[in-house]
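As structure tokens, the structure follows; a few thoughts come after it.
The values are calculated or read from the model by the stated rules, or taken from the named source; none is laboratory data. Being a predicted model, the structure only gives us computed values, none of them experimental. FYI the Cβ positions are ideal-geometry reconstructions off the backbone, even for glycines, and counts take in every protein chain you see.
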Amino acid sequence: MESPAEDKQAPSFNRLRVVAFEARMAAETAALIRRFGGRPTIAPAMREVPLEDNYAALDFAMRLLEGRVDVAIFLTGVGVRELFRVMVTRYERARLVGALARIITVARGPKPVAALRELAIEPTVTIAEPNTWREILSTLSARVELAGKRVAVQEYGVSNRELLAGLEARGAEVTAVPVYRWTLPADRAPLIAALRAIAAGDADVAIFTSSNQVINVMQMAEAEGIGAEFRGGLARMVVASIGPVCSDQLRTNAIAIDLEPEHPRLGHLIKEAATRSAEILAGKRAPSSRAQAAEPRPREPARRQTPAAGNFSLRDHPMLKACRREPVPYTPVWLMRQAGRYMPEYRRVRERHSFLEMCQQPDLAAEITVTAVERLGVDAAIIFADILLPLVPMGVGLRYEGGDGPVIERPLRSIADIEKIPPIAAADSLAFVADAIRFVRRALADRTPLIGFAGAPFTLASYLVEGGSSRQYQATKTLMYNDPAAWHRMMEMIARVTTDYLNLQVDAGADVIQLFDSWVGSLGPDDYRRFVLPHTRSVIAAVRPAVPVIHFGTITGNLLELMREAGGDVIGLDWRVDLAQAWARLGYDVGVQGNLDPVALFAEPEEIRRRARAILDLAAGRPGHIFNLGHGILPETPVDHVIALVDAVHEMSRR
Ligand code: CP3
């Protein structure tokens, strides 16, 4: 062309639109792209994770010091160093090193060996070249009896499923210890804008400068529901990768690489991209070209949109309008336990993480929350967490057992037990929930409201006193009847923690709060009034006023008026009551939520439709009805039936 630089064949992007995801060297990257005649968009895809947010690493340290780890496998040198950087923020280095010296330590190859030696740890087992998961498994099988052993696997970046599965197959009890140095940036708007531009074909060159960047970029594209379009966009652009590790990660994500410089340096990468982009693009975009654009797209489940998706502000979302009892274009619907075991996406994550890990790793919790919303097309997200999480900092030994529900190892049975509970600062010990809410908030942008939640004081008390789920609430009621002072002391303690916890969620971005008093139906009205109502009322009254509260319980036919007295903008109904009668009793100056029998979802879609219609008929289009089940979705529920319900409610309620 006409520019003198071009005449001399100096490398130039010739004003191509170049997107880079670099964070730390953002300014340098932009300057280089400009120097080579490109138009840069820098969309940082990462931010350094604060050390104290590495819950898995801290949890590992705790288990290690308590003697609950038998074998620790270290996969990468960087990961070993990161793991220690995190652990020493909480625990003494010497104690950690001492604890590691007492167990079997396994290093995958020279890099973790070197990193361990820096800490004066000589690994018990070193895996020989080429040190893939196969060598790890065969070496360990030969040298260590794995059955019944508690094995921790330090991971950095991507997890190695084959290794984890292989260890489990040999009878080990495996915990993955992912160490995160990088997470998504706090302000994701530039990244999202860049991903959308790529998906829309409004960019020419994509520059990837680390493998973690690739992971985050893909995660964000999926969260935005444009994974396929984004991949399609890249296939019509020049994809430049800084080096082999980054390229591997791109290939893992089914992204083809157009160029990788001989030396993995930013300057080389951009120069080479400037030199070759025009030619590569000409090949890709020529009309006859059947290049990557025609590549089959990786399969991904369709993202479903609620009828409301589009151009309105979140405040006007039908879900929030219904909470305020304003007229809505259709009845909003969401489902208790919408992110749970009935969903294959959930089970896939659950295979590799304990339930607590899923709650405590904000990225995971956020992903699960958002996946459920997108898969079902519901009108609200509910943060993936559990009502029992505040029991963790109480130190009562909460465990989630496979199948049998939660177990509290040291239940509270007396005033002495109650007084031993330390003061709890939700902002510290439950910060991971707030982080997850922030993640979800950003991923959902202003499309869908997000529900935060907690257990109501009685339901939490029942777990604390019984030590788990219960039928008769015998221990709980015995404490309540025998020692009312101790009972009220405990309820006040719970109410205080719950209030802080709920407002932490509101401050992080929850738009609605639901209080679950799942087991309160076991009480008669007098006991409710005397032992429960004041405490529930104090919690609801303390939730920040701008945020509507849904107050839910089951088997509450005898308690509805009292629950209403305790508070809530919306009362959650189970399926045992007739919605029209319940609403009439409550009064129309409060909303209602419910109330399809969760078991109805096992019936044929035609029957589900009929039953949904019956509930809509009972609500009679009155403002203030939110459609839901009468209790949580059951684990065996067919996903397509759930989707059929959501669609049916939207369609049949459209006004
Ligand atoms: O999608 C959502 O609704 C958000 C997540 C959520 C969970 N628990 C996840 C969870 C919510 C809102 C809860 C609330 C909850 N937790 C309640 C109140 C609602 C109700 O069902 O009455 C109660 C009583 C709990 C306590 C609890 N947590 C129990 C009794 C159990 C075991 C029983 C079961 O269903 O597994 C849990 C574990 C739990 N909480 C799981 C999930 C997805 C299953 C964990 C697993 O995968 O093993």
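Key figures
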{"quantity": "In the stretch 378-395, the residues that are surrounded by fewer than 23 Cβ atoms within 10 Å (Cβ to Cβ) and either among the acidic types (D, E) or in contact with an Asp or Glu (Cβ under 7 Å, 6 or more places away or on another chain) (or both)", "calculated": "D386"}
{"quantity": "Some residue of the stretch 36-48 being at pLDDT below 90 and of a type outside the set (A, V, I, L, M)", "calculated": "yes"}
{"quantity": "Search result, residues across the stretch 70-128 that are of a type in the set (D, E, K, R), touching a Ser or Thr at 6+ places or on another chain (Cβ under 8 Å) and under 22 Å from G171 (Cβ atoms)", "calculated": "R108"}
{"quantity": "Number of the exception - L430 against (1) surrounded by fewer than 20 Cβ atoms within 10 Å (Cβ to Cβ); (2) away from the ligand (no atom under 14 Å from the Cβ)", "calculated": "(1)"}
{"quantity": "Residues that are near the ligand (Cβ under 9 Å from one of its atoms) and charged (D, E, K, R), drawn from the stretch 327-370", "calculated": "R337, R341, R347, R350"}
{"quantity": "Residue check for G467: in contact (Cβ under 8 Å) with a residue 60 or more places away in the chain and within 12 Å of the ligand (Cβ to nearest atom)", "calculated": "no"}
{"quantity": "Test result for T556, in a helix (DSSP H, G or I), polar (S, T, N, Q) and within 23 Å of G452 (Cα to Cα)", "calculated": "no"}
{"quantity": "Residue in the stretch 600-616 that is within 15 Å of the ligand (Cβ to nearest atom), closer than 27 Å to P449 by Cα, in contact with a Gly (Cβ under 8 Å, 6 or more places away or on another chain) and not small (G, A, S) present", "calculated": "no"}
{"quantity": "Qualifying residues in the stretch 394-412 (those that are more than 9 Å from the ligand (Cβ to nearest atom) and without any contact (Cβ under 8 Å) to a residue 60 or more places away in the chain) - the one farthest from E466 (Cα to Cα)", "calculated": "G395"}
{"quantity": "Whichever residue in the stretch 607-655 is assigned to a loop (DSSP other than H, G, I, E, B) and aliphatic (A, V, I, L, M) and, among such residues, is farthest from Q514 (Cα to Cα)", "calculated": "A620"}
{"quantity": "Which listed residue, of A142, A120, A114, is outside any helix (DSSP H, G or I), among the aliphatic types (A, V, I, L, M) and more than 34 Å from the chain's Cα centre (by Cα)", "calculated": "A120"}
{"quantity": "Some residue of the stretch 620-629 being loosely packed, with under 14 Cβ neighbours inside 10 Å and within 14 Å of the ligand (Cβ to nearest atom)", "calculated": "no"}
